[in-house]
1. L690 versus (1) in contact (Cβ under 8 Å) with a residue 40 or more places away in the chain; (2) in a helix (DSSP H, G or I): which is the lone unmet condition?
2. Does T365 count as touching a Gly at 6+ places or on another chain (Cβ under 7 Å), open to solvent by less than 10 Å² (accessible area, probe 1.4 Å) and of a type outside the set (D, E, K, R)?
3. How many residues does region 531-554 contain that are surrounded by 12 or more Cβ atoms within 10 Å (Cβ to Cβ) and assigned to a loop (DSSP other than H, G, I, E, B)?
4. Against the definition (at pLDDT 75 or above, open to solvent by less than 30 Å² (accessible area, probe 1.4 Å), in a helix (DSSP H, G or I) and closer than 27 Å to M280 by Cα), how does Q74 come out, yes or no?
5. Based on this model, can you work out whether V245 counts as under 20 Å from the mean Cα position of the chain (by Cα), assigned to a helix (DSSP H, G or I) and surrounded by fewer than 21 Cβ atoms within 10 Å (Cβ to Cβ)?
6. Within region 331-352, how many residues are in contact (Cβ under 8 Å) with a residue 40 or more places away in the chain and small (G, A, S)?
7. Across region 336-368, what is the number of residues that are within 26 Å of D437 (Cβ to Cβ) and in contact with a helix residue (DSSP H, G or I) (Cβ under 8 Å, 6 or more places away or on another chain)?
8. Give me a count of the residues in region 78-114 that are open to solvent by 10 Å² or more (accessible area, probe 1.4 Å), at pLDDT below 90 and either more than 15 Å from the chain's Cα centre (by Cα) or of a type in the set (D, E) (or both).
Amino acid sequence: MTKLFMRLVVLALLGTGLVPLVTVTCSQLLAGPLNSKFLFKLASLVFSILLPATGFCVLVKNVQNRVDVNAREQDEFLGAFAPRYLDVAVLSAAALSVFLELAIIRWQGTVFEFFAFYKNFSLLSCFAGLGLGYALADRGRIPLSLVIPLLGWQFGFMIALRFSMSDRALLSLKILPFREQLNMGPPAARDLSQATAIYFFLSVIFLLTVLVFIPLGQLCGRLMQQREKLRAYGLNLLGSLVGVVMMLVLSSLWTPPLVWFALCFLGIFLFYLRKPFSLMLGAGFTILALVILAWPVQPLWDKIYSPYQLLELSQTERGLMMLRAGGHYYQRVHDLARSNANVDSDPGLKRIRDYYELPYRIYGTPDDVAVVGSGTGNDVAAALRSGAKHVDAVEIDPAILMVGRMSHPERPYRDERVSAIAQDARSFLRTPGKTYDMVIYGLLDSHTLLSQASSVRLDSFVYRVEALSEARARLKPGGLISLSFAIIDEQLGRKIYLMMQQAFDGRPPVCIEAGYDGSTIFLQAKDKDLVLPAQLLRETGFRDRTFFYSNPSLHADVPTDDWPFFYMPRRIYPRSYVVMVVLIAVLSLLATANFFPECPQFSHLPFFLLGAGFMLVETKGITEVGLMFGNSWQVIGIIIAGILMMAFLGNCVVQCLRIQRPIFPYLLLLASLGLGWFIARIGGLPSTALGRLEMTFVLTSPIFFSGIVFSTLLGSRGEISGIMAVNLLGAMSGGLLEYNSMYLWFRALYLIATVLYLLAFLLDLPAFKTKKIAHLQS
């Protein structure tokens, strides 16, 4: 076992040495042909990187016997836990694994943009490691002492790669391999050859993450084997809930990764082998890993880890604040006050002020204004300069609100006429309440903010036909909607045009190209056609692009609540995602094949199908409940905790009622999925208090019945560690199947989950009959 594990470690370390070479070569090919000067630099790089990496791999091989002895003693130590501490140990191990999983997902997205756009990759690599670890739990070797060194190596590798190489050298890693979705920031690869470097880099990161989680999966499985299966599974669920709550608490405190991983390392130490040498070595690696993590790689940028993303603050050439989110430009703060004489004398500043004040020059002086996506306050300041009596400023990220309150030169958030609301725009608009003269959409391009369990970006909840209809309903008679967006593709502009046309009963919006940050402003009145004063365009220098976006030859598919992929111009099958799916499958098989004699036995196919179905239902539930109650981090966290609690309650029901045959729970599970699909097909339930309560029941009941089915089968099958391994690998497959919603529709997840659960039911039918015959004979 240890020899095979160390083989993967050596492979991963060699991969980290090759990544810079592949990256630099591919970046040069993107920029131009190879030349002799570059080849000389490449040869020098090969020598400076591969030689130390090879030496390190030799060192790793030399310590293999010592690691094997430590892993064997670690297994014996965990097997000798006092029974009175076992429940706490099972719960703590599960909490540690989930907490570290969430920490890895968040941290990786703060270093490289890819992981912020596609969090599923990090999630699936954690699942692969945990699943394989559960399968290897009874093999007599648990290399827990390598978790902290491997994490430290990943920290150092990713940070050094990201911040020690020039932008030109990193060009090939700043390309996203998916062509079906548009992105603000990183460009998409035009073909597979352009994505070679990013795929190789992702393969290495996948392997490093898997290696971190294999010992943790073994830890959980080894402890669970010492408890009765149903009790162990219930404690595992409770521990997972504790891990989620811990990350929620730390997120609410805006803590940095240093705090997250320090707590993870402390948790790992609690299970460390109680020998002085092991503890001292672990302490040394812990200090080294935390120093790497805390190293100030960009001292000129202040960092804030909000509950949603990494925010970085610096200053523009004018001395005002500039904000980066997810590693690239997000927003600049402007001083456009009437008292600032520089605005009228500076054509650039005057154009920016014209952009922000254009809707008010069309409408006039409003009484009540709602600004959704208010950011640091530029749009709010424009409303106040234009005479608004009251402004509701809606911004999902409380850290951005704080930055705007403290740093905006016009102090819009400190004005008594402004109410700052930390809430997501969709939830705010769909909740019946106050009506407005104007609803202003700021540049809601939160493209790196994803729903916590799916490939749907948070701003896609706002840019849908239903959302614009809800915004229109919040307007007073004669009110105006102004939607600004940085148009990165003509089809994206066409999508917004078509969405507003549908939301306003076929009346097309007026489209004005302002030029600021590449933005176009889409405007429409609530109950009449909007007519733009001709002199306004002459005075501002803006262009009317209404005719261009009305061109029917410009094809685009309109996003809805059931197909919420705003950044996909057309509804096509995501073929480039298939490459990623194949890559993850191949890497998972590679890791499993390495342990071929100890590979998990996949005879528990129903548990695999239950894991895949659970992942799909969880994804659908989180997305839909978030749509009803809001996609703030608090709501999403409560939803995830609630899902785990429903699964735990299912486990408790099985233990209390001693359910032996899951036929009836299976039927209830399939019926609840059918009900969910039907309600989704008719457009959901009313957005009232009763409707939301009913919808919550509809979305969470499959989780409850699935928990009953799983716990019932668990009580009558083999080793719990093997079952958990297969179930986690099934959850991985469910995460990959979720991408099918990008072509089908979101409610199709219900149908796919139903097929998976039905297959599990049919596969278990022979076992049900055997049990019945045995019961009758007895």
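1. (1)
2. no
3. Total meeting the criteria: 6.
4. Against the criterion (at pLDDT 75 or above, open to solvent by less than 30 Å² (accessible area, probe 1.4 Å), in a helix (DSSP H, G or I) and closer than 27 Å to M280 by Cα), Q74 qualifies.
5. yes
6. 1
7. Residues flagged as within 26 Å of D437 (Cβ to Cβ) and in contact with a helix residue (DSSP H, G or I) (Cβ under 8 Å, 6 or more places away or on another chain) within region 336-368 amount to 17.
8. Adding up the residues that qualify gives 8.
The values are calculated or read from the model by the stated rules, or taken from the named source; none is laboratory data. Everything quoted here is computed from the prediction, not taken from an experiment. Please note: Cβ atoms are built from the backbone with ideal geometry, for glycine as well, and neighbour counts cover all protein chains shown. Remember, those area values only see protein heavy atoms, side chains included, never the ligands or the DNA or RNA. Shrake-Rupley method; radii C 1.70, N 1.55, O 1.52, S 1.80 Å.
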